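These notes concern the structure reproduced below.
The values are calculated or read from the model by the stated rules, or taken from the named source; none is laboratory data. Predicted model only: the values in this text are computed from it and were never measured. Quick reminder, even Gly has a Cβ in these numbers, built from the backbone with ideal geometry, and neighbours come from all protein chains shown. Protein only, heavy atoms only, side chains kept; ligands, DNA and RNA dropped before computing areas. Shrake-Rupley method; radii C 1.70, N 1.55, O 1.52, S 1.80 Å.
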Amino acid sequence: MHEARDSAESDAVDLPESVDVAVVGAGVIGCAIAETLATEYEVLVLDRSGVAEGATGRAAGVITPTLFYGDHPDVARHANEFFRAFDGTHGFEFTTRRRYDYVVEDEVETARERATELAEHGFPVTYLDAESAESEAPRLRLDDFAGAVRYDDAGWVDPYTFAVALQRRASERGARFELDREVVSVSENAVELADDDVHADHVVVAAGFNTPDLLGRSLPIQPYRTQCVVLEPSELLDDSFPIGRVGTEHLYFRPEHNGDLLVGGSHDIVSDPEGVSQQADESFVRDVAVTIPELVTGFEDAGLVNGWAGVDSATPDARPILDVTDGVYVAAGFNGLGVLAAPIAAAVTRSHVTGESPPFDLSPFALDRFATQDADFDLRTTSDVGR
């Protein structure tokens with residue numbers, strides 16, 4: 001959680017009448033898109049608040065492209081390679097760490113097949129029985145589980161630091177960031193603000209759940225609320241403690257550098273995303289307090305450090321929309337995986353804008369993959385992906 005603005009941010013000044021590319025949204029997606037386009041284009045980024053002050057600043061920053069995009073190996077490889085290459089840029093750090101996804105008995109066959117398939121594509125993924133997983137990661141408890149899928153190419157980042165690093169490199173390349181600017185609507189070549197208008201050859205909207213309203217049309221996107229808490233165990237976690245996910249509990253966890261544990265979960269569709277509480281619910285905190293000691297040792301008397309909630313946007317298949325509609329480039333519906341998918345969104349948007357050959361197949365992100373554009377659908381959470 002970060003409230004302070006980056007030093008590069010300044011008071012509002014006159015906007016240019018025209019730019020090559022206008023990006024609406026200064027979250028991690030907008031910053032990543034600006035970073036990749038600023039080498040060739042005059043890029044203007046607009047946001048009603050500040051860098052990473054929306055969903056990005058409330059994310060957990062878990063990075064496992066192989067899990068969520070392994071069925072499209074080139075997509076997963078692109079993201080994996082980006083985080084390792086970007087490590088060390090403007091203070092950004094990618095912390096590599098093994099990940100264990102707990103598997104119940106009914107999921108064993110599917111988990112084994114998935115691990116084998118991913119390994120055949122060259123990814124370091126292995127299925128382990130419960131005893132082997134606990135032997136490798138002694139603080140994990142798998143008493144009620146059959147085993148776990150281990151990902152050796154996972155890691156985590158601080159989302160705010162990542163977004164700011166992208167913003168700084170975009171600025172170095174010439175991108176201009178104008179914050180505290182309320183965008184009212186967008187069209188193919190124009191951005192309408194409350195007090196100004198900007199013409200752009202290309203307009204990109206990366207504004208989360210606000211994207212349909214800015215476009216003035218329906219999209220298969222729903223806002224939903226997620227929650228996180230940070231726990232302090234009686235014995236701090238060391239540098240070998242892994243990332244974990246328990247899909248049956250709709251929970252995931254990752255260590256903090258100071259030895260605490262971040263736990264995330266809860267997926268609730270909301271009708272008023274602007275008005276929901278940004279604090280973790282007492283009921284969620286209680287559920288975590290009961291469940292985590294059953295999954296990880298040393299948390300029976302854990303202390304609560306803090307907790308928060310944020311609103312993200314979901315699509316019917318838990319993958320983002322990265323496409324052009326009504327002449328506007330859309331990057332929305334990241335299902336809680338915006339930080340992980342930032343380099344993917346940047347690559348797809350760059351391909352659309354420049355006409356360059358994309359580094360992977362774009363069809364998984366096309367808007368027309370959905371039979372309807374309505375926002376009325378059953379939520380499929382990322383807890384269900386890869387299970």
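One table, with the values for the structure above:
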item: Cα pair distances exceeding 19 angstrom across the stretch 79-136, given as percent; result: 47 percent
item: Volume per residue that the Cα convex hull of the stretch 168-274 spans, once the total is divided by residue count, Å³; result: 190 Å³
item: Mean Cβ count within 10 Å, highest first, over the residues of peptides 196-203, 65-72, 343-350; result: 343-350, 65-72, 196-203
item: Rounded to 5, the percent of DSSP beta bridges in the chain classed as antiparallel; result: 75 percent
item: Mean-position separation - Cα centroids, the stretch 326-387 and the stretch 210-227, in angstrom; result: 13 Å
item: S18 paired with D272, simple spin-label distance in nm, labels 7 Å along Cα-to-beta-carbon; result: 4.4 nm
item: Cα-based convex hull volume of the stretch 225-264 per residue, rounded to whole Å³; result: 71 Å³
item: Sparsely packed chymotrypsin sites (Phe, Trp or Tyr not before Pro) within the stretch 156-228, loop by DSSP, other Cβ within 10 Å at most 13; result: none
item: Loop-located chymotrypsin sites (Phe, Trp or Tyr not before Pro) in the stretch 287-356, at most 16 other Cβ atoms within 10 Å (DSSP); result: none
item: Rounded to the nearest 10 Å², the accessible area of R380 at probe 1.4 Å; result: 90 Å²
item: Charge dipole magnitude, Cβ of K and R +1, D and E -1 - the chain, Cα centre, debye nearest 20; result: 580 debye
item: Pairwise centroid distance, computed over Cα atoms, of the stretch 147-182 with the stretch 58-126, Å; result: 18 Å
item: Stretch gain in nm, segment R380-S351, where the contour uses 0.36 nm per residue and the Cα spacing is subtracted; result: 7.6 nm
item: Per-residue ³J(HN,Hα) for the stretch 214-228, Karplus 6.51 cos²θ - 1.76 cosθ + 1.60, θ = phi - 60°, Hz, x for Gly and Pro; result: 5, 6, x, 8, 7, 9, x, 9, 10, x, 9, 9, 10, 9, 9
item: Tail weight of P(r) past 25 Å, computed on alpha-carbon pairs of the stretch 224-363, percent; result: 42 percent
item: Hull volume in cubic angstrom per residue (convex hull over the Cα atoms of the stretch 238-283); result: 107 Å³
item: Size-normalised alpha-carbon gyration radius of the stretch 291-373, reference 2.2 N^0.38 Å; result: 1.55
item: Loop sites in the stretch 217-278: GluC sites (Glu not before Pro), DSSP, at most 15 other Cβ within 10 Å; result: E235, E274
item: Modelled FRET efficiency - R0 30 Å, T291 with S187, Cβ distances, 0.05 increments; result: 0.05
item: Calculated diffusion of the chain, Stokes-Einstein form, Kirkwood radius summed over Cα pairs, 37 °C and 0.692 mPa s, µm²/s; result: 154 µm²/s
item: Principal semi-axes in Å for the stretch 270-310 [√(5λ), Cα gyration tensor, largest first]; result: 26, 10, 7
item: Long-range HN-HN contacts of T325 with modeled amide H, under 5 Å; result: V330
item: Cα-derived Rg to Rh of the stretch 176-220, Kirkwood definition; result: 0.94
item: Among I243, V184, G336 - extreme Cα towards positive end, dipole of the chain, charges at beta-carbon; result: I243
item: Calculated SAXS-style log₁₀ I(q)/I(0) at q = 0.10, 0.16, 0.17, 0.25 Å⁻¹ - the stretch 146-229, Debye, Cα scatterers; result: -0.44, -0.92, -0.99, -1.27
item: Mean ellipticity per residue at 222 nm, deg cm²/dmol - from DSSP H runs of n ≥ 4 across the chain, formula -39500 (n - 2.57); result: -7500 deg cm²/dmol
item: Given charges at Cβ of Lys, Arg, Asp, Glu: the chain dipole, positive-most of V28, I269, S283; result: V28
item: Karplus (6.51, -1.76, 1.60) ³J(HN,Hα), θ = phi - 60°, over the stretch 37-45, in Hz, Gly and Pro reported as x; result: 8, 5, 5, 10, 10, 7, 10, 10, 10
